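Structure, as C-alpha cells:
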Amino acid sequence: MRAKRVTKRAAKSLILAAGMNVRMKSARSKVVHEVCGRPILEYVLEACREAGIPEQIVVVGSRRDQVMEAFAGAKDITWVVQEPQEGTAHAVMVAQEALEGFEGDLVVLMGDAPMIRTETVRTLLETHAREGAAATLATAILEDPKWYGRIVRDAAGALARIVEAKDATPEERAIREVNLGYYAFRWPELEPVLGRITNRNVKKEYYLTDAIELLLKAREKVVAVVAAEEVEAVNSREELAQVTALMRQRIFGRLMAAGVTIESPETTTIDWDVEVGQDTVIEPCTVIRGPSRIGKNCRVGPLAYLGPGTVLEDGSEAGPTAKPSKSCSSAGERESGCCGRPQRTRPTPPARRHGGRS
C-alpha cells in the first residue's frame with residue numbers, strides 16, 4: 001500500500017516567554033537564566049530552527065528588555081508583548097497581528113522548557129500534517145503524572161478531552177499520558193475559536209486547552225501523539241538545578257557516543273556549546289565552559305577549569321600541573337595554571353548574545 005503523501009505547509013513557532021517569574025525570586029527574566037551555559041529560551045528556539053521552522057514569534061512580558069537584549073542578534077524572531085499576562089490563550093490572542101495573513105501551521109511551545117528536543121517538534125509537525133488535523137498535541141507517558149493534565153481517549157483511541165489534575169476523578173488521575181503544552185495548530189482553524197475562549201475560572205485567565213475543547217466540540221480533528229520524553233520546565237531555583245543536571249547528562253551522552261571518555265561524570269561540568277574531539281579524556285573535577293573547542297587525543301584534568309573561548313589543539317594536556325601556555329588569554333586559566341602545551345586560546349567576547357540564523 002502506497003504511503004500517504006504529505007504536503008509540507010508553511011510553519012511558524014509561537015513561544016510563550018512572558019511569565020512573571022515569581023517562584024524564581026530573581027530580578028532577571030526566567031528564560032535568560034542559563035542551563036549549561038545557554039539561556040533557557042535558546043534551547044527552545046534551537047529545537048524549532050532545527051525542526052525546519054524558519055520564523056519564531058516570541059511573546060514577552062515581564063522583564064522583556066532583558067530577553068530582547070539577550071537575543072538581539074536573532075534575525076528570525078518577531079517580538080510580541082503580552083501586558084498584562086492573562087493566560088496561555090491570551091498570549092496567542094496578542095500575537096494575532098503578527099500572524100495576519102498566515103495560512104500555515106503554528107507550533108506553540110513554552111519558553112521555560114529547555115529539555116525539548118528537535119525530534120519532538122519534528123514529530124509534532126509531521127503528525128499534524130499527515131493526519132490533516134486542526135490541532136495536534138505532543139504528549140508523554142510518565143510514571144508519576146503529578147499535576148499535568150491527563151489525556152483521556154475514547155474507545156477507538158482518539159483524543160476525547162484533556163482533564164486538569166485538580167478536576168480529575170480517581171480513574172482519570174490514574175492515567176499516565178499527559179499534556180505537556182506542546183501544540184501544533186492550523187492557524188486558520190485556531191484563530192476563529194480564540195474569541196470564544198472565556199476567563200471564567202479561578203485565575204480569571206484564558207487557557208489554550210479551552211481551544212482544544214472548542215475544536216473537539218466543533219468536530220474538528222484533534223490528534224494527541226506520544227512524542228516527548230522531556231517534560232521538565234523551570235519555575236524555581238530547585239527546578240533550575242534539576243534541569244541543569246538532566247541537561248548535563250544529555251551533554252555527556254552525546255560526547256561519550258562520539259568517542260570521548262568522561263571518567264567522573266558526577267564531578268564534571270561541560271557546557272552545551274563545547275566541542276570535544278575523539279579519544280580525549282576528561283578527568284575528574286573538570287569544568288569546561290562554552291563556547292570552547294577541545295581537540296582529539298587531549299587529556300583535561302583533574303581539577304581543571306577551561307573558561308569560555310578556550311581552544312585546545314589535538315594532543316594537548318590541561319590540568320593543575322600543566323605548564324601554562326604563553327598564548328593563554330583567559331586570566332582565570334592563567335591563575336589556575338590549567339593550560340597545557342601545545343594550546344591556544346581565543347579571547348572571551350565581552351558580552352554574549354544568542355542569535356539565530358541570519
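The values are calculated or read from the model by the stated rules, or taken from the named source; none is laboratory data. Owing to the predicted nature of the structure, the values given are computational and were not obtained by experimental measurement. Note: ideal-geometry Cβ built from the backbone for every residue, glycine included; neighbour counts use all protein chains shown.
The table for this structure:
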quantity: Exclusive hit being on the phi > 0 side of the Ramachandran plot and charged (D, E, K, R), set R130, R63; calculated: R63
quantity: Given (1) of a type in the set (V, I, T); (2) touching a Leu at 6+ places or on another chain (Cβ under 6 Å); (3) free of Cβ contacts under 8 Å to residues at least 24 places away in the same chain, number of the condition V234 does not satisfy; calculated: (3)
quantity: Enumerated helices (runs of 4 or more DSSP H) restricted to the stretch 180-299, each holding at least 1 residues that are touching a Cys at 6+ places or on another chain (Cβ under 9 Å); calculated: 237-257
quantity: Residue in the stretch 169-177 that is outside any loop (DSSP other than H, G, I, E, B) and within 20 Å of A134 (Cα to Cα) present; calculated: no
quantity: The stretch 152-183 - residue that is more than 23 Å from L109 (Cα to Cα) and among the small types (G, A, S) and, of those, surrounded by the most Cβ atoms within 10 Å (Cβ to Cβ); calculated: A168
quantity: Residue among A133, A165, A155, A140 that alone is closer than 17 Å to E229 by Cα and assigned by TED's automatic domain parsing to the domain that holds G111; calculated: A140
quantity: One residue from R248, R299, R219 being basic (K, R), more than 30 Å from D144 (Cα to Cα) and surrounded by 17 or more Cβ atoms within 10 Å (Cβ to Cβ); calculated: R299
quantity: Check on A27, surrounded by 19 or more Cβ atoms within 10 Å (Cβ to Cβ) and either of a type in the set (D, E) or part of a loop (DSSP other than H, G, I, E, B) (or both); calculated: no
quantity: Output for the stretch 110-142, where each listed residue is assigned to a helix (DSSP H, G or I) and of a type in the set (G, A, S); calculated: A129
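Yes/no per residue for (1) surrounded by 14 or more Cβ atoms within 10 Å (Cβ to Cβ); (2) under 19 Å from the mean Cα position of the chain (by Cα); (3) in a loop (DSSP other than H, G, I, E, B):
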| residue | (1), (2), (3) |
| --- | --- |
| G19 | yes, yes, yes |
| E42 | yes, yes, no |
| C48 | yes, yes, no |
| A74 | yes, yes, yes |
| H90 | yes, no, no |
| V108 | yes, yes, no |
